[in-house]
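Worksheet: the structure to be examined is printed underneath.
All of the numbers you see were taken from the coordinates with simple rules; none came from a lab. If you're wondering where the values come from, they're calculated on a predicted model, not measured in any experiment.
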């Protein structure tokens, strides 16, 4: 799930996902994890982020790869990995596309 920078997803409550084209197709998920992917690196021109060493990066990558289904990781005929957009982000995308029409 991708959201805008100011959205907060409450993991304690169910969250409804929807298909980006067939928006009537919905699924409500429970007991999920949400975490920010972006971290601030610079603030007012000063570096505020301490990069982890290569061993920490590798360990994190391996741990995250372990969360993926085998059908997604296989080389032959892999299952597509779907990424949903929040309602707010989907609406922004839709408005931008509509604005590009003649």
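Can you give the extra length, in nm with one decimal, that the chain gains between residue 53 and residue 95 once fully stretched, where that is 0.36 nm per residue apart less the Cα-Cα distance?
11.0 nm
As an exercise, take the mean of 1/r over every pair of distinct alpha carbons in the chain, invert it, and state the Kirkwood radius in angstroms.
Hydrodynamic radius (Kirkwood, Cα only) of the chain equals 17.2 Å.
Is it possible to state the helix-based mean residue ellipticity at 222 nm for the chain, with each DSSP H run of 4+ residues giving -39500 (n - 2.57), the sum divided by total residues, to the nearest 500 deg cm²/dmol? What is it?
Roughly -8000 deg cm²/dmol at 222 nm, from the helical runs in the chain.
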